[in-house]
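Student: Once you've had a glance at the structure underneath, I'll fire off some questions.
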Amino acid sequence: MKKIMLCLLMASIVMSSCAAGDKLHVKVDSKSVSGDTLVVMGLQDEAPRQRVAGSKGQFDFMVDVPAVERIVLLEPAGLYSGRSVYYVIPAVPGEEVVVTDTGDGRYDITGSRFYQQYHEADLAEEAVKKEINDLVARCHKLMANGSPQDSVMQVYQTAMPSLQQKRAQAILGFIKAHPDYEASAAIIAELPTVELMRQGVDLLSDEVRSGRVKPLYATVISQMEERQKAEQEVQQKQATGVVAPDFTLNDINGKPLALSSLKGKYVIIDFWGSWCGWCIKGFPKMKEYYAKYKDKLEILGVDCNDPEPKWRDAVKRHELPWLHVYNPRQSDVLAKYGVQGFPTKVIVGPDGKIVKTIVGEDPAFYTLLDQLFQ
């Protein structure tokens with residue numbers, strides 16, 4: 001009997017140890033959190049994993065972490081408004097993290113050994129992070145004071161590349177100086193390109209490179225590589241000189257209409273939807289240019305992601321005078337053209353080849369039409 005009891009006790013200890021190893025102990029001391037509840041989410045989650053209660057910005061709880069990943073702590077209001085205090089932290093099972101927010105617009109992450117290293121890495125970037133935040137704040141202020149969006153973007157695009165390069169050098173410098181820190185692997189994901197990330201990986205010690213926090217950089221690198229591949233495929237499909245894939249869809253009268261039937265004139269394929277605010281905002285200008293050049297071009301509106309009655313109602317309500325076809329969800333037309341945003345306008349030449357693809361409601365589209373037809 002004593003042996004049985006001893007075995008049960010040992011099993012209990014082992015199970016408790018395993019359970020503790022799958023959890024992250026989180027402490028939050030925040031002057032910015034106004035409520036008494038935080039929610040825990042993964043970066044890819046659509047719904048909270050956990051809600052935790054606290055008082056006056058003080059929280060102390062355990063989070064289930066089956067594998068290393070980044071998690072977000074935020075107030076429930078942020079789930080709906082997008083405006084909320086939130087904290088992004090690398091979640092490492094078996095560790096303790098302490099998030100301290102003094103209410104001055106930044107927060108510190110400390111705690112057990114891994115998080116002490118992480119805090120050290122964060123401090124190495126602090127100066128350049130402040131420069132980046134100051135630039136963003138300056139641009140917001142310019143917009144608030146009525147500066148044109150183009151001029152604000154010019155300010156941002158002029159200053160940001162050098163700041164990003166400066167931050168990348170700070171990150172790589174820290175990794176080079178601390179190749180045995182697990183935190184060095186964690187900050188690789190903050191680098192802006194796959195190429196720089198791989199440089200960071202090469203600087204790690206063998207033990208850290210293949211250790212428990214590898215998912216913090218490996219997952220991000222894999223996702224970015226997949227995104228790059230997808231973007232390259234889209235660029236190839238939308239490139240100037242590519243033959244526009246033919247398709248046949250039903251028009252507003254329910255009759256089949258093939259893109260190839262319009263060959264011999266310029267055709268603008270307009271991928272849009274009644275739910276797309278920018279699509280609707282662009283209609284007055286499109287109608288103006290259709291009236292201006294309708295003897296030289298045709299517009300083919302391709303409705304996307306709408307129930308058919310809503311599509312018909314939108315065409316009628318906005319008085320759109322050009323050709324229209326309905327694109328059902330099972331159609332492969334969007335994939336053929338690599339459409340990822342709305343509106344997307346594809347200008348097809350009389351020879352059936354793509355002249356230009358423009359995503360978004362961009363004034364450059366109308367400038368190009370003037371260049372083609374004047």
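The values are calculated or read from the model by the stated rules, or taken from the named source; none is laboratory data. Remember, predicted model here, so these are calculated numbers, not experimental data. Don't worry about glycine lacking a Cβ; one is built from the backbone with ideal geometry, like all the others, and counts go over all protein chains shown.
Student: Which residue is surrounded by the fewest Cβ atoms within 10 Å (Cβ to Cβ), if the candidates are limited to segment 309-342 and must be touching a Phe, Trp or Tyr at 6+ places or on another chain (Cβ under 6 Å) and assigned to a helix (DSSP H, G or I)?
Tutor: Residue satisfying both the conditions and the ranking: VAL333.
Residue-by-condition table, conditions (1) in contact (Cβ under 8 Å) with a residue 12 or more places away in the chain; (2) in the same structural domain as MET224 (by TED's automatic domain parsing); (3) of a type in the set (Val, Ile, Thr); (4) not in a helix (DSSP H, G or I):
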residue	(1), (2), (3), (4)
THR158	no, yes, yes, no
GLN169	no, yes, no, no
SER184	yes, yes, no, no
ALA189	yes, yes, no, no
LEU196	yes, yes, no, no
